[in-house]
């Protein structure tokens, strides 16, 4: 058994292995090829593979990401598509893949590891990863829901509106702890097209875009993934909430839900419009692990950071992302950093 970076000649084999394990009943081969061929940040070594008996039987992808943490730009290696072929499971190779990925990220200059788990946290927590609890909301809808979209809300077009949408995103997200820093290439890449990063609807006043909403229509609910507005124009969230309610009414869905900050004006406007309060919860799919302590603390700044990296990373990440740190030395350093707004990671950016 060998674990190494993939070769350019192995991209199709890697795509087929992902299709086999994750989407066996779908024609997803091209989807996984697009994830690498149409991602300008991709390098073959970012795909880590297990080779056994002359074939690829394990796979892990590292996404090159920049996230904001208390005003600092932190380079994150986003781990995704961790898999072992069903015929080769039970040998500890998934753990070996994760250790290899951490070694690769350290050599490649990443500050932190970042992942979003769909299998629950125990597998990753056992390897030192810390979950971050992010808020979710849900509005149960009655049969009498009536919605009418405002005239100022229009469909968005990426060719026409990308510059304005990107500006709104940058302005609204720049102070959030955990949010993605998006380049223009990020907005237009193949993976972003597949995930639907560009929003569908915006508020336009006299030819100027002031805010937008990104949501998807599911079988029994609408899921709100992102909504932003330019500073001083928070009233546009009323118009965007009206649009979402109108679509919910048209589709006759049972609920409107999503992942937004508890203080987000859109949720308040939706609550007012529906005349009901949302049920709040959290998801812990986001997890972090320290890769380069020296680089991370240098980028974050502040005074009094511990010289050595913490053995237990939980207090570090919980403190940086807005919870009280249980470790005194970490806590004394964190209070010298900019205030945490969040934590938050837009649903559209989950890889």
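Taking the DSSP bridge list for the stretch 1-125 and keeping only pairs wholly inside it, about 85 percent are antiparallel. For the stretch 165-242, the convex hull spanned by the alpha carbon atoms encloses 112 Å³ per residue. The distance linking the stretch 295-351 with the stretch 179-230 is 28 Å (Cα centroid to Cα centroid, whole angstrom).
Exposure proxy shown here: for 36, 49, the number of other Cβ atoms within 10 Å sets the order, fewest to most, as 36, 49.
Ordering 341, 236, 267 by the number of other Cβ atoms within 10 Å of each residue's own Cβ, fewest first, gives 341, 267, 236. Of all the options 20, 300, 270, the one that moves most in a Gaussian network model of the chain with Cα springs shorter than 10 angstrom is 20.
Between the entries (i) 61, 42, 41; (ii) 64, 44, 33; (iii) 60, 53, 36, the label attached to Cα extents along the principal axes in Å calculated for this structure is (iii).
Looking only at the stretch 226-264, which residues have a backbone nitrogen under 20 Å from a spot 7 Å from the Cα of residue 275 in the C-beta direction? Residues passing the 20 Å test: 238-239, 241-250, 252-256. Percentage of Cα-Cα pair distances in the stretch 37-162 greater than 20 Å, rounded to whole percent? Result: 61 percent of Cα pairs exceed 20 Å. Extending 7 Å from the Cα toward the beta-carbon at both residue 38 and residue 99 defines two label points whose distance is 3.8 nm. Annotation: for a label point projected 7 angstrom from Cα along Cα→Cβ of residue 160, residues of the stretch 168-201 with backbone N closer than 14 Å are 200-201. Under the definition of Cα pairs under 8 Å and six or more residues apart, what whole-number percent is the relative contact order of the stretch 142-282? Here the relative contact order equals 27 percent. Given the options 216, 224, 153, state which has the largest fluctuation in a GNM of the chain using a 10 Å cut-off (strictly under) for Cα springs. Looking only at 216, 224, 153, the largest GNM fluctuation is found for 216. In degrees from 0 to 90, rounded to the nearest 10, what is the angle of the helix 236-251 Cα long axis to the longest principal axis of the chain? So the helix axis and the longest Cα principal axis differ by about 90 degrees. Remark: 95, 133 ranked as 95, 133, counting other beta-carbon atoms within 10 Å and listing the fewest first.
Where both bridge residues fall in the stretch 142-282, DSSP classifies roughly 80% of the beta bridges as antiparallel. A Förster radius of 45 Å, combined with the Cβ-Cβ distance separating residue 283 from residue 53, puts the computed FRET efficiency at roughly 0.75. Largest first, the extents of the alpha carbon coordinates of the stretch 142-282 on the three principal axes equal 43, 36, 29 Å. Report summary: the helix-based calculation at 222 nm, which adds -39500 (n - 2.57) for every DSSP H run with n ≥ 4 and divides by the residues of the chain, gives -9500 deg cm²/dmol.
Read-outs throughout are calculated quantities, based only on the coordinates presented, and are distinct from any laboratory measurement. Just so we're clear, the structure is a prediction, and the values are computed from it rather than from any experiment. Every residue, glycine as well, gets a Cβ built from its backbone with ideal geometry; the counts of neighbours run over all protein chains shown.
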